[in-house]
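Below is one structure, written out as structure tokens; the observations come after it.
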Amino acid sequence: MNKSKKIKNRKTPISNNAKKSQSDTDTDTATKPGTTAFKMFKSQTSIYSIGFLLLCLFFFINSGSSIKFTKPLKTKLDYNYPPENMTNGSSKNLSALFFENGTQVPKVMYVPQVSQADKLDYQAINIITGRDIKDVDIKSGSLLSPLLVARPVGSEAHSKVNSFLSSKLKEYGMEVTYDNFTESTVVGKKEFSNIIATSKNLGSAGIGKRLVLCAHYDSKILKTGDFVGATDSSVPVAIILSAVQMLSEIGVDLSPNSVQVLFFDGEEAFKDWTSKDSLYGSRHLASKMDSLKDPSLSSLGYNITQLEMIDLFLLLDLIGASNPSFYNINPASSNPTTSSIQDNSYSLLAKIEADLYDLGFLKKKFLNPFNSFSPFGKIDDDHRPFAERNVPILHIISTPFPKVWHTLDDNAENLDQYTVNHFTLLIRAFVLAFLDIHI
């Protein structure tokens, strides 16, 4: 199909209406000659003062979804504390060495291009997704509904969700392993379990691109009741499962590329968000992957760590509420290659969304342009331990946070089916584009 040809009124599992805005006009009044200068100065001063107050009010409201709480001194939006074990990008070597036929061969980091979107068959992707969209149905979806439960660390529901995710990943042909560990927390010792799933068909070359899809599967403990965390992060986990489901259905051999899924445990703070009381799973796994050789490649004679295999770390969070907004808020990197990967990845995702919108497969665009200013600053999340080690990041998290964030209202009843369907289709298309898979 020619992607450049717009197709209107195409049936799709997704629909919604757009909004329009209007602008106002201002008028000026004349003054007596003797007081003109004074009144002009007074008028300009008042305008500047009002503008300054409105700007302060805007940042006060939007910068801290945390104002909803009595004592959340640190939240995901507070990223100014010194990160522990900061490596300043020295850990990840952008030219990690492989050994091929006795000769050292560098793995060059893959920089995606926006033009890769032009190769996608959007109609085929939409047809495949249309068949599977029922699986992310809020009420009865086989991939989403089992996740719409309170699942705090250590609970029976948490264990059941862990087993459900592992079973699905194995069903889709992934090799599943676990990063189980016990750690002291602010509420005592807790047992955590990160889920790691890697595509099996790496082939004999094994040094292609590796796309890592990530989300956390635990839910926060609230004193007021059972917190489901539908956007945080039941929906992101279901979207990732759907992307892996697609790869299984089309039966493509990914060689020499690979896909890895990381479902983190212990993302949520047990009390207040700090550098120590949060990100338990991702902090542990990033450190582990930075020192261990990649098991799928060591048997082939390649000398490279699991962390060095990652070409892009795609993290999804806070997705599922109606009318979300997204910005390019990837962490800054002093390494130009890492910066290019991050910038191009966001631009590629935005281009795919725009294409799907132009062709009528999507009814909205939620991603702001690449160079749009985000008033929300840095956001702390599971990507931090990996970004500190210079892993390229694509952080897709709605900003501002959903109104239901960290409240009992973050449940199935307040999810928006269109938004869920929108990102299911979008992430599927991005995976295919990044890995250069043509269907």
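Read-outs throughout are calculated quantities, based only on the coordinates presented, and are distinct from any laboratory measurement. Fair warning: this is a prediction, and the values are worked out from it, not measured in the lab. Neighbour counts run over all protein chains shown; Cβ positions are idealised from the backbone, glycine included.
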**Request:** Give, rounded to the nearest 20 debye, the magnitude of the charge dipole that region 106-435 has about its Cα centre when Lys and Arg contribute +1 at Cβ and Asp and Glu contribute -1 at Cβ.
**Result:** 220
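Need the full-extension length gain, TYR357 to ILE439, defined as separation in residues times 0.36 nm minus the C-alpha distance. One decimal, nm.
Full extension from TYR357 to ILE439 adds 27.5 nm.
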**Asked** On the first, second and third principal axes, largest extent first, how far apart are the outermost C-alpha atoms of region 142-248 in Å?
**Response** 51, 30, 20
**Message:** If you take every DSSP beta bridge fully contained in region 106-435, what fraction is antiparallel? Give it as a percent rounded to 5.
**Reply:** 50
**Complete:** Extension length gain for GLN113 and THR224 (0.36 nm per residue less Cα distance), in nm, is 35.3 nm
**Message:** Placing +1 on the Cβ of each Lys and Arg and -1 on the Cβ of each Asp and Glu in region 334-439, which of GLY360, THR407, PHE423 has its Cα farthest towards the positive end of the resulting dipole?
**Reply:** GLY360
**Item:** Cα gyration tensor, region 175-331 - rounded (a/c under 1.5), prolate or oblate
**Value:** oblate
**Prompt:** aspartates and glutamates within cross-link reach of LYS190: Cα-Cα under 17 Å, excluding same-chain residues under 8 positions apart?
**Reply:** GLU156, ASP179, ASP218, ASP265, GLU267, GLU268, ASP272, ASP277
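I need the chymotrypsin sites (Phe, Trp or Tyr not before Pro) found in region 342-439, filtered to DSSP loop residues with at most 14 other beta carbons within 10 Å of theirs.
PHE373
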**Message:** Once you place label points 7 Å from the Cα toward the Cβ at ASN335 and SER142, how far apart are they in nm?
**Reply:** 4.0
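Relative to the Cα centre, what is the charge dipole magnitude of region 372-430, using +1 at the beta carbon of each Lys and Arg, -1 at the beta carbon of each Asp and Glu, and rounding to the nearest 20 debye? If you can, show how the numbers build up before the last one.
Numbers: 5 positive and 8 negative charges, 61 e Å.
That gives a dipole near 300 debye.
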**Request:** In nm, give the distance between the simple-model label positions of THR274 and PHE370, each being 7 Å from the Cα along the Cα-to-Cβ direction.
**Result:** 4.1
**Prompt:** What ranking do 406-412, 270-276, 281-287 get when scored by the average of other Cβ atoms within 10 Å per residue, highest first?
**Reply:** 281-287, 406-412, 270-276
**Request:** Place the peptides 322-333, 237-248, 141-152 in order of packing, highest mean first, counting for every residue the other Cβ atoms within 10 Å and averaging per peptide.
**Result:** 237-248, 141-152, 322-333
**Request:** Give the percent of DSSP beta bridges with both residues in region 151-273 that are antiparallel, rounded to the nearest 5.
**Result:** 70
**Asked** Full extension from SER325 to SER167: what is 0.36 nm times the residue separation minus their Cα-Cα distance, to one decimal in nm?
**Response** 53.6 nm
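In this model, which of LYS170/LYS200; LYS189/LYS271; LYS220/LYS403; LYS200/LYS351; LYS107/LYS209 are farther than 19 Å apart at the alpha-carbon?
Too far apart for the 19 Å limit: LYS200/LYS351.
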